[in-house]
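Visitor: Below are the structure tokens for one structure; questions will follow.
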Amino acid sequence: MTRRATIASIALLCFAALSFASSARAQGRRVSSSDQKKAADLYNQGRTDFAKGQIDQSIALFKQALALYPAFPEALTNLGMALDAKGDDSAAASQIELALQYQPNDALAEGDLGLVLYHEKKYSDAIAAYQKALSLKPDFPEAYNGLGAAQFASGDAASAEANYQKALSIRPNYFDALGNLGAAYVSQQRWSEAAAVYQKALALNPDASDVRANYLSALQHTGHSTDAASGYQQLADKNPTDPSAWYQLGHAQYGQSQFDAAIASFQKSLALKPGQPDVEFSLARAFVDVSKFSDAIDAYQKGLALQPASAEALSGLGDAYLKTNQPRKAADAFRKSLAIQPNAAGPLFGLGLALMNSADLDGASAAFIKVIAAQPTNYAAVFDLGNILFNQGQYALAADRYRQAIKLNPNLAQAHFNLAAVLIRLNDSAAAAQEYATAHKLDPSLIPPASK
């Protein structure tokens, strides 16, 4: 929910005067009619300035009104909302709470307090304020929307969704509630419903670039990647200086395997806004897919300098080092990744490869065994463990591992070929001949030694 204050209105001066009289009695003193009128004029001018975006000037005017009459609840509430717009949430909440002491059953003020508490990330208190507002004014769509936002921030997407729906039942064209409902659907991976809701929001405000980006993301997840990519391109063309637009376009292009185009888009995003670790990591992955491994290493290193605890990026860096024949650096990157996610199979497998290429066969074997324990169907780890046993001269154990790999993946030609080589050493030439034949059939480039 965006930071936006809602200034309450005193429609009639006589209503303000009645409020003054009531508050004056509560404070134990009376305010002259002249001061009442001056305070009301200052207050109304403050509202006007706030609406124009002149926040500092509105704060000054509200304070002048309160100097004339400190117990003016509407001025206190609107001063609070002006302070909230400046980001001074604690002071804002204090002003609105004071207003509610003078006017306890003000549903609008309770709603404003809920918004300020939401901005303070005091979500349980915000929920209580919104619920009080709704008990006073059940047909209050902004309070339902705010209640939903606080619940969503607390991790209760189901309750949030229900309250967004209530807001929309009162005001069907409530743009903010539509956007928030879309986010609730996204959090539950209900992509089609999210796309439909975002589409309704865009019909109300076609220029809302953030909602359009969310719509395109939902569209992409529903399998309409071409339409999504086209939409992201239009968004980037319309907002050429927006780094997020180019980043999103790059992701859409990457999803369509347009790696060179994705690289260009990620680089535009970084040119507009350097220091984005997620964009650097995305750029690195795209470089890997076009075999530009040195560029990938550079992008991973830049991203990790900004976000060093990314286990996924560290693993990706390790893979890029392997591709450039730097096994020791690769092993270091994989170890750092595993320090963050100790049992992740991908970095464990990469570490096994790096250690094997560094001639640390015992370390590689231990890594592959951990991979197989976590992923018993990982035929690549089983195959590489067989290779280590082969190199260590443990031919019978190597044969068992190759057979296990073949069982997991019968079309793994290299496993058939290596099994044949082991069987030769185990003096089973007939079985070896069969394995050589199978390997050659699966991959004609694999030629038995006697045929070369």
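The values are calculated or read from the model by the stated rules, or taken from the named source; none is laboratory data. What you see is a predicted model; the values in this text were computed from it and never measured. We place every Cβ from the backbone using ideal geometry, glycine too, and count neighbours over all the protein chains shown.
Visitor: Filter segment 205-258 for residues that are among the charged types (D, E, K, R) and over 25 Å from Glu193 (Cβ atoms); which is modelled with the lowest pLDDT?
Guide: It comes out as Lys238.
Visitor: Shifting gears a bit: Restricted to segment 376-392, and to residues that are modelled with pLDDT of 95 or more and of a type in the set (S, T, N, Q), which residue is surrounded by the fewest Cβ atoms within 10 Å (Cβ to Cβ)?
Guide: The selected residue is Thr377.
Visitor: Additional query: Considering only segment 292-310, I want to know if a residue exists there that is crowded, with 16+ Cβ neighbours inside 10 Å, β-branched (Val, Ile, Thr) and closer than 27 Å to Gln414 by Cα.
Guide: The answer is no, given that none of the residues of segment 292-310 is crowded, with 16+ Cβ neighbours inside 10 Å, β-branched (Val, Ile, Thr) and closer than 27 Å to Gln414 by Cα.
Table: residues versus (1) hydrophobic (A, V, I, L, M, F, W, C); (2) under 24 Å from Glu312 (Cα atoms); (3) touching a residue at least 60 places away in the same chain (Cβ under 8 Å).
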{"position": "Leu216", "(1), (2), (3)": "yes, no, no"}
{"position": "Asn239", "(1), (2), (3)": "no, no, no"}
{"position": "Gly250", "(1), (2), (3)": "no, yes, no"}
{"position": "Gly255", "(1), (2), (3)": "no, yes, no"}
{"position": "Ala264", "(1), (2), (3)": "yes, yes, no"}
{"position": "Ala284", "(1), (2), (3)": "yes, yes, no"}
{"position": "Ser291", "(1), (2), (3)": "no, yes, no"}
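Visitor: May I ask you to verify whether Asp362 is part of a helix (DSSP H, G or I), among the acidic types (Asp, Glu) and in contact with a helix residue (DSSP H, G or I) (Cβ under 7 Å, 6 or more places away or on another chain)?
Guide: Against the criterion (part of a helix (DSSP H, G or I), among the acidic types (Asp, Glu) and in contact with a helix residue (DSSP H, G or I) (Cβ under 7 Å, 6 or more places away or on another chain)), Asp362 does not qualify.
Visitor: Testing Gly275 on (1) at positive phi; (2) assigned to a helix (DSSP H, G or I), one condition comes back false. Which one is that?
Guide: With respect to (1) at positive phi; (2) assigned to a helix (DSSP H, G or I), Gly275 is out only on (2).
Visitor: For the structure I just gave you, tell me whether Gly352 is closer than 29 Å to Asp260 by Cα, in contact with a Ser or Thr (Cβ under 9 Å, 6 or more places away or on another chain) and in a helix (DSSP H, G or I).
Guide: No; evaluated as a whole, the condition is false for this residue.
Visitor: Any residue at all in segment 224-236 that is of a type in the set (Asp, Glu) and loosely packed, with under 13 Cβ neighbours inside 10 Å?
Guide: No: segment 224-236 contains no residue that is of a type in the set (Asp, Glu) and loosely packed, with under 13 Cβ neighbours inside 10 Å.
Visitor: Quick one: how many residues across segment 115-141 are surrounded by fewer than 23 Cβ atoms within 10 Å (Cβ to Cβ) and in contact (Cβ under 8 Å) with a residue 40 or more places away in the chain?
Guide: Number satisfying all stated conditions: 1.
Visitor: Is at least one residue of segment 339-359 surrounded by fewer than 24 Cβ atoms within 10 Å (Cβ to Cβ), farther than 22 Å from Pro308 by Cβ and without any contact (Cβ under 8 Å) to a residue 24 or more places away in the chain?
Guide: Yes - at least one qualifying residue is present in segment 339-359.
Visitor: Any residue at all in segment 284-291 that is at pLDDT 95 or above and farther than 20 Å from Leu249 by Cα?
Guide: yes
Visitor: Would you check which residues across segment 66-110 are of a type in the set (Ser, Thr, Tyr) and either in contact with a strand residue (DSSP E or B) (Cβ under 7 Å, 6 or more places away or on another chain) or over 25 Å from Ser33 (Cβ atoms) (or both) and list them?
Guide: Across segment 66-110, the qualifying residues are Ser90, Ser94.
Visitor: Have a look at Ala432, Ala421, Ala439 and point out the one that is of a type outside the set (Ser, Thr, Tyr), surrounded by 17 or more Cβ atoms within 10 Å (Cβ to Cβ) and either under 15 Å from Asn378 (Cβ atoms) or within 49 Å of the chain's Cα centre (by Cα) (or both).
Guide: Exactly one residue qualifies, and that residue is Ala439.
Visitor: Can you tell me which of (1) within 18 Å of Ala194 (Cα to Cα); (2) surrounded by fewer than 23 Cβ atoms within 10 Å (Cβ to Cβ); (3) of a type outside the set (Gly, Ala, Ser); (4) in contact with a Leu (Cβ under 9 Å, 6 or more places away or on another chain) is the one Gln267 doesn't meet?
Guide: (1)
Visitor: Please list, ordered by first then second residue, the pairs with beta carbon atoms under 9 Å, 6 or more apart or interchain, first in segment 419-432 and small (Gly, Ala, Ser), second outside any helix (DSSP H, G or I) and at pLDDT below 95.
Guide: Short answer, once both residue conditions are applied: Ala420/Pro448; Ala432/Pro448.
Visitor: What's the total number of residues in segment 94-114 that are over 13 Å from Glu74 (Cα atoms) and surrounded by fewer than 23 Cβ atoms within 10 Å (Cβ to Cβ)?
Guide: Matching residues across segment 94-114 total 1.
Visitor: Within segment 393-404, is there a residue that is within 21 Å of Leu353 (Cβ to Cβ), modelled with pLDDT under 95 and either β-branched (Val, Ile, Thr) or assigned to a helix (DSSP H, G or I) (or both)?
Guide: Checking segment 393-404: not a single residue is within 21 Å of Leu353 (Cβ to Cβ), modelled with pLDDT under 95 and either β-branched (Val, Ile, Thr) or assigned to a helix (DSSP H, G or I) (or both).
Visitor: Also: All but one of (1) within 23 Å of His119 (Cα to Cα); (2) in contact with a Pro (Cβ under 9 Å, 6 or more places away or on another chain); (3) buried (at least 21 other Cβ atoms within 10 Å of the Cβ); (4) not small (Gly, Ala, Ser) hold for Tyr185; which doesn't?
Guide: Tallying (1) within 23 Å of His119 (Cα to Cα); (2) in contact with a Pro (Cβ under 9 Å, 6 or more places away or on another chain); (3) buried (at least 21 other Cβ atoms within 10 Å of the Cβ); (4) not small (Gly, Ala, Ser), Tyr185 fails exactly one: (2).
Visitor: Quick check on segment 126-133. Is at least one of its residues over 19 Å from Gly182 (Cβ atoms) and under 25 Å from the mean Cα position of the chain (by Cα)?
Guide: yes
Visitor: To continue, here is another question. Mind checking which residues of segment 164-193 are over 23 Å from the mean Cα position of the chain (by Cα) and not β-branched (Val, Ile, Thr)?
Guide: Passing the criteria: Gln165, Lys166, Ala167, Leu168, Ser169, Arg171, Pro172, Asn173, Tyr174.
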